[in-house]
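Below: the structure, in structure tokens.
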Amino acid sequence: MSPLDLLGRIANVEFAAMVTQVNRPGSKLRIHLVDESYIDVYASRKLPDHFGFHWERSHIDGSVYRYDSFPDVNWSAVSTFPFHFHAGTQETVVAAPFPTDLEQGFRGFLRFVHERLARTI
């Protein structure tokens, strides 16, 4: 099972209350949520610690949240570099509050999304 297939299964089974659909457009996973926002998931097949989880809400309230391990030098001062978290905007970057392991980091990110959605729905 590919990493994206595994993450799709986790989303469908463990977070079914907030997930309406999971599909694989191209080389990413897209998870549609009950509030009409979505999460795009990228995971390298060659480098297991290279991934990105992007929760797109700009069409709802202007916000985006992204946890990724892309070694962007703009965020090299972040204590968890290369892991970092875009907390509401592209420019608001903080230390990663989630595990660095792909699977556990994904679960942590989805728990964050679930908690946020519970406040708004």
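Candidates Val34, Leu4, Gln21 compared by Cα position along the dipole of region 1-42: farthest toward the positive end lies Leu4, with charges placed on Cβ.
Remark: region 63-74, residue by residue, has Karplus-estimated 3J(HN,Hα) of 9, 9, 10, 8, 10, 8, 10, 5, x, 6, 4, 4 Hz, where x stands for each Gly or Pro and the curve is 6.51 cos²θ - 1.76 cosθ + 1.60 at θ = phi - 60°. The GNM of the chain, with springs linking C-alpha atoms under 10 angstrom apart, assigns the highest mean-square fluctuation among Pro97, Pro82, Pro25 to Pro25.
Keeping the other protein chains in place, figure out the carbon and sulfur percent of the accessible area of the chain, with a 1.4 Å probe.
The computed percentage sits at 53.
Overall form of the chain: oblate. Here a/c, set by the Cα gyration tensor axes a ≥ b ≥ c, is 1.5 or more, and a/b is not larger than b/c.
Gln21 to Asp35: extension gain in nm, 0.36 nm per residue of separation minus the Cα-Cα distance?
Length gained, Gln21 through Asp35: 3.8 nm.
Rounded to the nearest 20 debye, the dipole magnitude of region 1-79 is 320 debye, with +1 charges on Lys and Arg beta carbons, -1 on Asp and Glu beta carbons, and the Cα centre as origin.
Close amide H contacts of His50 (hydrogens built in the peptide plane, cut-off under 5 Å, sequence separation of 5 or more or a different chain): Ser44. Taking the charge dipole of region 47-121 about its Cα centre, with +1 at Lys and Arg Cβ atoms and -1 at Asp and Glu Cβ atoms, the residue from Leu117, Ala96, Gly62 reaching farthest to the positive side is Leu117. On a per residue basis, region 46-121 carries 54 Å² of accessible surface, using protein heavy atoms and a 1.4 Å probe.
Got a sec? Which residues in region 4-34 would a label at Glu103 touch, if it sits 7 Å along Cα→Cβ and we count backbone N under 19 Å? Answer for this model: 4-16, 29.
The values are calculated or read from the model by the stated rules, or taken from the named source; none is laboratory data. These figures come from a predicted structure and were not determined experimentally. In this analysis, Cβ positions are derived from the backbone assuming ideal geometry, glycine residues included, and neighbour counts consider all displayed protein chains. Each accessible area value is taken on the protein alone, full model and side chains, heavy atoms only, with ligands, DNA and RNA left out. Shrake-Rupley method; radii C 1.70, N 1.55, O 1.52, S 1.80 Å.
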